[in-house]
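Okay, so here's the structure we're looking at.
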Amino acid sequence: MEPNLVLSTDPLEPLRQEIDDADRQLIQILARRFDAVRKVGSVKGQVADQPLLDSDRELRVQDSWSRDAEALGLSAPFARRVLKEILNHSRRMQEALIEKRGSAGRVIRCGYQGLPGSYSALASAHLLGHRSVTESRFTGYPSFQEVGKALLNGEIDYGLLPVENSIGGSIADVNRLICDHALHIVDEEIWQVEHVLAVPPGVKLGDLRSIRSHPAALTQCETFLASMEEVKREPWSDTAAAAMSLQEGPARDRRDTGAICSAEAATMYGLDILSRNLADRECNETRFVLLALQPEQPDPRLSCKTSLVFRVNHSEGSLVRALTVFADARVNLARIESRPLPDTPWEYLFFVDVEGHTGSPNLAAALRELRTCCTHLRLMGSYPSRTRKQDGHLDRPTFAAPEAPAEVAVCPMVLETAPAPAPAPRTDRARSVLHIGPVILGEGHFVLISGPCAVESRQQILDGAAMVRAAGATMLRGGAFKPRTSPHAFQGLGAAGLDYLETAGRQFEMPTVTEVLTIEDIPLVMAHADVLQVGARNMHNFALLKELGRIDKPVILKRGMSATVKEFLLAAEYLLAGGNLQVILCERGIRTFETSTRATLDVSSVPVLKRLTHLPIIVDPSHAAGDRELVVPLALAAAAAGADGLIVEAHPRPEEALCDQAQALNNDDLLKMVAGLRPIVAAQGRIW
Ligand code: PEP
Ligand code: MN
């Protein structure tokens, strides 16, 4: 009997050995598979115009796995799930081979919200693990805001934040953070959330009196929690913190409290796992975005997605028109949602993800078109797409030529960069329309903006407003901050001037226009005026333009005195690239060898600009002429050339004007000008 004892100690032993053997083989086979995947990746990487993803091949592999699995008595869905993981990993390996981002040798610092072991921490490590960097350092922060702050002050290079969950929907705070700080999305990660019930060692299901976790996790495990009668739910700051609290918390918690968290957090904080897959739905995925201060250009051979945020005029058909742009360009929408604008109740920002890379011709065309129907548009970024359709397909690969012209790569331009052939004339449908209070600029309307060069007193601007309104002006101008050639000349009334201008505008029901000279003045000027003007002297002030690109108010951009049309448009591009699409170009004369006029009005720039851009164009004949007698004929010429409006200086008592006296129209001049303009505008079939 004795010898048998040795063999029969554990009948499971040989069977377990069989399993261990199979596992070892499995790992070796996986390593072999990934080795082959890597070789395929290197070959693909050398072909510049081949998309990385072959969806049809992936589907064929899936089918054969299912068939083989069934033939061997395994479940086909199980086999597909395993394959999904393998394919995911394979794809990331190939991406890392061709991706030049996150260059080798760099140390990358990434922040996330939560503690080690949280889903955010796990997703960060997974996403950056595929980048070819020497080292990734991770820091957990207590809130989304803290992650944003760390990114802005340079403490970290990237922040990974959750934007939506397949059960709970979108995470508004994160979307707000991205918008408020104009952050760029440079990558995404889809994380399969698998909640477990973790308890201190020795605690049994029946001992539990309370279960703590992040509120979203508690909601996701509703059915399980409902089955645990008389167990309290304790909302906690995050899932990993709930787990940690059981390791470090008071002794009582260690006897009767559990946490819902990731399996990794349970292990990390020395807890036992009592139950797995607690969520009500089997599929529980969170989508994270990797945020950075600068945009990154992913390799266009990857299947990409582009995120953007836009706003449209509050008028009928505006949103439909914006969305039609994508359909017309055959660009697929992957997500759309809206967020209210707290400062303008019942108006919304729209967040859209589309398939494709900004460098792809379809999307570039769609975005160019989209600019004509939005008041605000910002590209948040193009990045490799990780979302999959139910059939296992990734979002349709939208392959783009890798060499997109640099100027259109980040934000497609108003300007066609190719010198020839000449761009086709833009149709009315493709032009921007601006709604400024009751005034419509563009779309067959003609707008007269008039008023004094400078606001000189309360009475002067009130008298001026009354005069220009009666003559037919629909908007009021008046400088409060004046950019004077001589430092000894009148510099404007500043804040008091803004106040008087606002009062006059209100009283005579005209939106107001005034110049802003510095970045610091923007908030003050915005608080008082409806349209901000950038003067000719500031057209090259790119820092000012960048800031104005972020605001939600129309901007009149005047052409610099020595700026070519292209430079003028590139200055406008600073505003547009920042997201502000409410840009009005203003031709005001350029400096030439001719000295008989203050500047030479470049009338030809009106049709030239119409050909090159969708933006409305107005003309300032006053600063071009510098002489009131010449203002009227120049104004008529500008209207005849197709300008969408005029901005003309007029003073109730020109002889008293403190600024640009020689060019200020009086009431009679103004009436004469309007009488000349009316038939021209009518002949063009435009509304005034
Ligand atoms: C103005 O409009 O008052 C002005 C200063 O114009 P510009 O910048 O075109 O010289
Ligand atoms: Mn002036």
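Residue-wise test of (1) in a strand (DSSP E or B); (2) at pLDDT 95 or above; (3) over 32 Å from the mean Cα position of the chain (by Cα).
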position: Ala182; (1), (2), (3): no, no, no
position: Glu194; (1), (2), (3): no, no, no
position: Ala198; (1), (2), (3): yes, yes, yes
position: Gly202; (1), (2), (3): no, no, yes
position: Thr219; (1), (2), (3): no, no, no
position: Glu229; (1), (2), (3): no, no, yes
position: Pro250; (1), (2), (3): no, no, yes
position: Arg254; (1), (2), (3): no, no, yes
position: Ile260; (1), (2), (3): yes, yes, yes
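Quick check on segment 270-286: of everything there that is in contact with a strand residue (DSSP E or B) (Cβ under 8 Å, 6 or more places away or on another chain) and crowded, with 19+ Cβ neighbours inside 10 Å, which residue is nearest to Ile98 (Cα to Cα)? That would be Thr286.
In summary, strands (runs of 3 or more DSSP E) completely within segment 429-482 and bearing 1 or more residues that are within 16 Å of ligand 1 (Cβ to nearest atom), free of Cβ contacts under 8 Å to residues at least 60 places away in the same chain and surrounded by 19 or more Cβ atoms within 10 Å (Cβ to Cβ) occur at 475-477.
Which of the helices (runs of 4 or more DSSP H) contained wholly in segment 605-688 include at least 2 residues that are within 16 Å of ligand 2 (Cβ to nearest atom) and not β-branched (Val, Ile, Thr)? Break it down into steps so the answer makes sense when it comes.
Values: elements: 605-612, 621-625, 628-640, 667-683.
Hits in segment 605-688: 621-625, 628-640, 667-683.
Among the residues of segment 504-529, the one identified as in a loop (DSSP other than H, G, I, E, B), over 29 Å from the mean Cα position of the chain (by Cα) and farther than 20 Å from Cys453 by Cβ is Glu509.
Please specify each residue of segment 636-688 satisfying the condition of being within 16 Å of ligand 1 (Cβ to nearest atom), under 24 Å from Ile440 (Cα atoms) and over 38 Å from the mean Cα position of the chain (by Cα). Spell out the reasoning first.
At the first step, the residues of segment 636-688 found to be within 16 Å of ligand 1 (Cβ to nearest atom) are 638, 643, 645-651, 654, 657-665.
The next check asks that each one be under 24 Å from Ile440 (Cα atoms); those that pass are 638, 643, 645-650.
Of everything in segment 636-688, those that are within 16 Å of ligand 1 (Cβ to nearest atom), under 24 Å from Ile440 (Cα atoms) and over 38 Å from the mean Cα position of the chain (by Cα) turn out to be Glu649, Ala650.
Just one of the listed residues (Leu570, Leu557, Leu585, Leu615) is surrounded by fewer than 24 Cβ atoms within 10 Å (Cβ to Cβ), of a type in the set (A, V, I, L, M, F, W, C) and over 20 Å from Cys659 (Cα atoms), namely Leu570.
Give Ala96, Ala104 a once-over and let me know the one that is of a type in the set (A, V, I, L, M, F, W, C), under 30 Å from Val174 (Cα atoms), part of a helix (DSSP H, G or I) and at pLDDT below 90.
On the way: Ala104 fails: part of a helix (DSSP H, G or I).
The conditions single out Ala96.
Confirm whether Thr512 is within 16 Å of ligand 2 (Cβ to nearest atom) and at negative phi. Spelling it out, Thr512 is indeed within 16 Å of ligand 2 (Cβ to nearest atom) and at negative phi.
Within segment 195-222, the set of residues being of a type in the set (Val, Ile, Thr) and more than 25 Å from Ser120 (Cβ to Cβ) comprises Val203 only.
Can you give me the number of residues within segment 328-355 that are among the hydrophobic types (A, V, I, L, M, F, W, C) and outside any strand (DSSP E or B)?
Qualifying residue count for the region: 4.
Being touching a helix residue (DSSP H, G or I) at 6+ places or on another chain (Cβ under 8 Å), over 17 Å from Ile556 (Cα atoms), within 16 Å of ligand 1 (Cβ to nearest atom) and touching a residue at least 60 places away in the same chain (Cβ under 8 Å) is true for just one of Arg598, Arg628. Which residue is that? Give the derivation first.
Values: Arg628 fails: touching a residue at least 60 places away in the same chain (Cβ under 8 Å).
Of the residues listed, the single one that is touching a helix residue (DSSP H, G or I) at 6+ places or on another chain (Cβ under 8 Å), over 17 Å from Ile556 (Cα atoms), within 16 Å of ligand 1 (Cβ to nearest atom) and touching a residue at least 60 places away in the same chain (Cβ under 8 Å) is Arg598.
Yes or no: Leu646 surrounded by 19 or more Cβ atoms within 10 Å (Cβ to Cβ), in contact with a Leu (Cβ under 8 Å, 6 or more places away or on another chain) and modelled with pLDDT under 95? Spelling it out, it is not the case that Leu646 is surrounded by 19 or more Cβ atoms within 10 Å (Cβ to Cβ), in contact with a Leu (Cβ under 8 Å, 6 or more places away or on another chain) and modelled with pLDDT under 95.
Confirm whether Met268 is closer than 27 Å to Ala125 by Cα and out of contact with any Gly (no Cβ under 6 Å at 6 or more places or on another chain). So Met268 does not fit the description; no. So, in segment 483-503, of the ones that are of a type in the set (A, V, I, L, M), out of contact with any Ser or Thr (no Cβ under 7 Å at 6 or more places or on another chain) and closer than 15 Å to Leu462 by Cβ, which residue ends up farthest from ligand 1 (Cβ to nearest atom)? For segment 483-503, the residue satisfying everything is Ala496.
Residue pairs whose Cβ atoms lie under 9 Å apart, separated by 6 or more positions or on different chains, with the first residue in segment 144-163 and on the phi > 0 side of the Ramachandran plot and the second assigned to a loop (DSSP other than H, G, I, E, B), are Gly154/Leu293.
Checked against (1) basic (Lys, Arg); (2) within 13 Å of ligand 2 (Cβ to nearest atom); (3) over 26 Å from Leu670 (Cα atoms), Lys482 passes all but a single condition, namely (3).
For segment 558-588, the candidate set comprises residues that are in contact (Cβ under 8 Å) with a residue 40 or more places away in the chain, closer than 16 Å to Arg537 by Cα and part of a loop (DSSP other than H, G, I, E, B); within that set, the residue that is farthest from ligand 2 (Cβ to nearest atom) is Arg559.
Please pick out the residue among Val320, Val325, Val289 that is surrounded by 16 or more Cβ atoms within 10 Å (Cβ to Cβ) and part of a helix (DSSP H, G or I). Give the derivation first.
Values: Val320 fails: surrounded by 16 or more Cβ atoms within 10 Å (Cβ to Cβ); Val289 fails: part of a helix (DSSP H, G or I).
Only one candidate passes the filter, namely Val325.
The values are calculated or read from the model by the stated rules, or taken from the named source; none is laboratory data. Please read these numbers as outputs of a predicted model, since none were measured by experiment. Note that we place each Cβ from the backbone using ideal geometry, even for glycine, and neighbour counts take in every protein chain shown.
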